[in-house]
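First comes the structure, then the notes that go with it.
Derivation of every value follows stated rules applied to the coordinates shown; laboratory data play no part. This is a predicted model, so every value here is computed, not measured. Note: ideal-geometry Cβ built from the backbone for every residue, glycine included; neighbour counts use all protein chains shown.
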Amino acid sequence: MTVADLDRDSLITVESISRHFRPGRRRSGRVIRAVDDVSLELARGETLGLVGESGSGKSTLARLLLRLDKPTSGRVVFDGTDVFASTPSELRRLRREMQIVFQDPYASLNRRKTVEQIISFPLVVHEPSLGRAERSRRVAELLELVGLRPEHAPAHPRHLSGGQCQRVSIARALALHPRFVVLDEAVSAVDVSIQAQILNLLRDLQQRFSLTYLFVTHDLAVVRYMANTIAVMYLGRIVELGSRENLFESPRHPYTHALLASSPPSPGVEQTAGVVLREAPASDTLASGCRFNPRCPLGRRSVCQTVDPPLQTVASGHQVACHFPQSAESLLAEASREAS
Amino acid sequence: MTVAATDRLTETVLAVRGLEVEIAVGHGASIRPVRGVSFEVRSGQRTGIVGESGSGKSLTAFSLMRLLPPRARIAAGDVYLRGREVSRLPESEMAGLRGGKISLIYQDPMSSLNPLQSVGYQVMEAISAHDRVGRREARDRAIELLRDVGLPQPERRVDDYPHEFSGGMRQRVVIAMAICANPDVLIADEPTTSLDVTTQARIMDMLAQIVAERQMGVILITHDLGLAASFCDDIHVMYAGRFVESGGAASVLQHPTHPYSEALLESICHLDRDVTTPIAAIGGQPPSPHELPSGCPFHPRCARAQDVCTSEAPGPVDVAGHMTECHFPIGGEGP
């Protein structure tokens, strides 16, 4: 860790956290390393974007940060408090400080409750001394905050559109004035026109309340719009970590290149040939050496097959876990030289 | 190229005229989520229907397949499959065409495969539904098809079960089943929505190759304008049950003439946009078919709306080679 990293005013520090699952029978000895030795920092008031394909472990990592799951090893420190070693009263305070918005707007709301009941529930639990009138006033404020109207308070989720339900989820997450909010694919299930509204709303709320976000998504264009710092995850590891400029203007990991190349081009921009990955192996055992080697254009090299590359700094604030970090052009050139 | 081959290229395989779909909502009331849709698909042509959820795009696809939900029915219009009207065919005859002449790829590959049967069995079943072939030949053809759709080592994987495949591989199996009888028309309803971006790009490339080789007419149903633009030759933008703009894919993208198409394009969060300014989002919600706005259905969300838009539904006009349903199209004789 560099001095610059320590100087940043971080709200959350993740120290070599791992979460391994043992599926099936105990004796089978199979281990899924959903999150494998990940370290991260989240700076106050900033957005950390976490991108990767399904199965990369990004949601598991997000759940660990919120103590919705327990790590196999490692620590999470939230503003000086060790999240997994906290006392019940500390934990109660922590729960108010960190909130989450899920992907599926309908599944994450209780369809038997009204919008008012859903949004006021965190207040009922954590601020039981509030009177009913005061709670209603707070709900009305929250509804306005997320762009809904007072008429929505008595409605049930089924009467709302997907975008409106997602606004209710956001209002519920903000009810206790948290400092940290996880947005787990929060706009992936809503329509394009609504997605833009929600993204703008989230950026606006972040500014007003100095919120710190962990923005989990598979959509690179969305993460670029939302996050100052971006971590690319592959099979439980962070393979590239850097500022928005680092990641989008000078990406260095072959997996990041491939993700960028397969994102749909901007309207009117011709899609250019980019880094293409080999097919993912069907087995759930990790490759030896670099875990990305079975899909990497350069993965047949012997160092890639034997040595697991650590995250190394390639430029200020830009880290890559690859033996041959380089630009897409030079990677393509090397790959075609090797193929011939 | 011979004259005959050229003819086949430009042959109209599907023609839809004034299609309307009605759903009974109880107490004798009904709604019309599809309100007069007309278009044609030629062999080898890739057509996109782009719209948000609730715009009627999936119902359009289901009505072409005659797979509408129980309370829904085709209320008006004709569907010609290679010149033959099929919207009023008895179900027994339609069953022979479905999967044979016209087939559908669903969004979710897990729910379109039977988890209790091997993928090979399911592809073989699709083959024997349209062709009288022996077991051995069906199996050989299944393996060939799985190879065509890019499944690695198909002779080894043919007896595996759906849960042993990744999402992308499952979708390849579903595509193999859909193309096994060489249909004239292939409908792909959000085929890659549930897949990762890297997988999505590869599946779309494979699909493009297959339809080019077999000269199928393709209808891609999607909410993703970017995907439609990169895959399709022509695009229909659907809003509140009607095509509000139709034209060449590149042309619609670069010079949209309907305010909705333009707003939709501007609201996309794409990789090259400026991150310091907010995205130009479309305000409000897409209309519900239960309470359609009067006049032009887009007027409550439209920045160009005038008085006439609230009272009169716009008819189709030709602007810059696009069909547009707008009183004040962009690039037309403006307001």
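Annotations
- The long axis of helix A:132-145 is offset from the longest Cα principal axis of chain A by roughly 40 degrees.
- Whole-angstrom Cα spans of the protein assembly as shown along principal axes, big to small: 73, 67, 48
- Positive-pole candidate from A:85, B:146, B:86, dipole of the protein assembly as shown, charges at beta carbon: A:85
- Residues whose placed amide H lies under 5 Å from that of residue B:11, excluding near-sequence neighbours: B:43
- Set the Cα radius of gyration of the range A:286-340 against 2.2 N^0.38 Å, with N its number of residues, and you get 1.16.
- For the range B:86-139, the list of trypsin sites (Lys or Arg not before Pro) that fall in a loop by DSSP and count at most 12 other C-beta atoms within 10 angstrom reads B:88, B:132.
- Average other protein chain Cβ within 10 Å of Cβ, residues B:45-55: 2
- Inter-probe distance in nm under a simple model that places probes 7 Å from Cα toward Cβ, at residue A:16 and residue B:110: 3.5 nm
- Around residue B:25: net Lys/Arg minus Asp/Glu count, Cβ-Cβ under 15 Å: +2
- For the range B:95-110 and the range A:281-320, distance of Cα centres in Å: 41 Å
- Note, ³J(HN,Hα) from phi for the range B:220-233, Karplus 6.51, -1.76, 1.60, rounded to Hz, x at Gly and Pro: 9, 9, 7, 9, 9, 4, x, 5, 4, 5, 7, 9, 9, 8
- Taking every DSSP beta bridge that has both ends in the protein assembly as shown, the antiparallel portion is near 60%.
- Gyration tensor (alpha-carbon) shape descriptor, the range A:3-249, a/c threshold 1.5: prolate
- Gaussian network model of chain A, springs between alpha carbon atoms under 10 Å - residue of A:171, A:321, A:273 with greatest fluctuation: A:273
- Sequence-distant aspartates and glutamates (8 or more away, or on other chains) whose Cα lies within less than 14 Å of residue B:101: B:85, B:93, B:131, B:184
- Mean-position separation - Cα centroids, the range B:203-222 and the range B:262-335, in angstrom: 30 Å
- For the range A:162-175, Karplus couplings with θ = phi - 60° (6.51, -1.76, 1.60), whole Hz, Gly/Pro x: x, x, 5, 4, 5, 5, 5, 4, 5, 4, 4, 5, 8, 4
- For chain B, the relative contact order works out to 20 percent when only alpha carbon pairs closer than 8 Å and six or more residues apart are counted.
- Sequence ranges A:236-242, B:143-149, ranked by mean other-Cβ count within 10 angstrom, highest first: A:236-242, B:143-149
- Sequence-distant residues sharing a close amide H with residue B:188 (under 5 Å, placed H): B:105, B:219, B:220, B:221
- Annotation note: GluC sites (Glu not before Pro) in the range B:253-333 located in DSSP loop regions with a Cβ neighbour count of at most 14 within 10 Å are B:291, B:312, B:333.
- Bridges between two residues of chain B, per DSSP, are antiparallel at a rate of about 60%.
- For the range B:108-180, size of Cβ-based charge dipole, Lys and Arg +1, Asp and Glu -1, in debye: 80 debye
- Proxy reagent accessibility, fewest Cβ within 10 Å first, across B:65, B:169: B:65, B:169
- Counted by Cβ distance under 12 Å from residue B:182, the other residues give a net charge of -1, where Lys and Arg count +1 and Asp and Glu count -1.
- Environment charge of residue B:84, counting only residues whose C-beta is closer than 12 Å and scoring Lys/Arg +1, Asp/Glu -1: -1
- Taking only alpha carbon atoms, chain B gives an Rg to Rh ratio of 0.99, where Rh is the Kirkwood radius.
- Under a Gaussian network description of chain B, with springs only between Cα atoms under 10 Å, the residue in B:21, B:308, B:50 that fluctuates furthest is B:308.
- Judged by the gyration tensor of its Cα atoms, with axes a ≥ b ≥ c, the range A:192-242 is oblate; a/c meets the 1.5 cut and b/c is at least as large as a/b.
- For chain A, relative contact order (Cα pairs under 8 Å, six or more residues apart, normalised by length) works out to 18 percent.
- Shielding of B:191-204 by partner chains, average beta-carbon count, 10 Å: 5
- Residue ranges B:216-223, A:94-101 sort as B:216-223, A:94-101 when ordered by packing (mean number of other C-beta atoms within 10 Å per residue, highest first).
- Top positive-direction residue, dipole computed over the protein assembly as shown with Cβ charges, set B:203, B:177, B:321: B:177
- The range A:12-46-the range A:102-149 distance, computed between alpha-carbon centres (Å): 33 Å
- Judged by the ratio a/c of the largest to the smallest principal axis of the C-alpha gyration tensor, the range A:121-205 counts as prolate, that ratio being 1.5 or greater while a/b is larger than b/c.
- For A:197-204, mean number of other protein chain Cβ atoms within 10 Å: 3
- Magnitude of the charge dipole, the protein assembly as shown, Cβ model with Lys/Arg +1 and Asp/Glu -1, debye to 20: 2360 debye
- Result for chain A in a Gaussian network model with C-alpha springs under 10 Å: among A:255, A:106, A:213, the largest mean-square fluctuation is at A:106.
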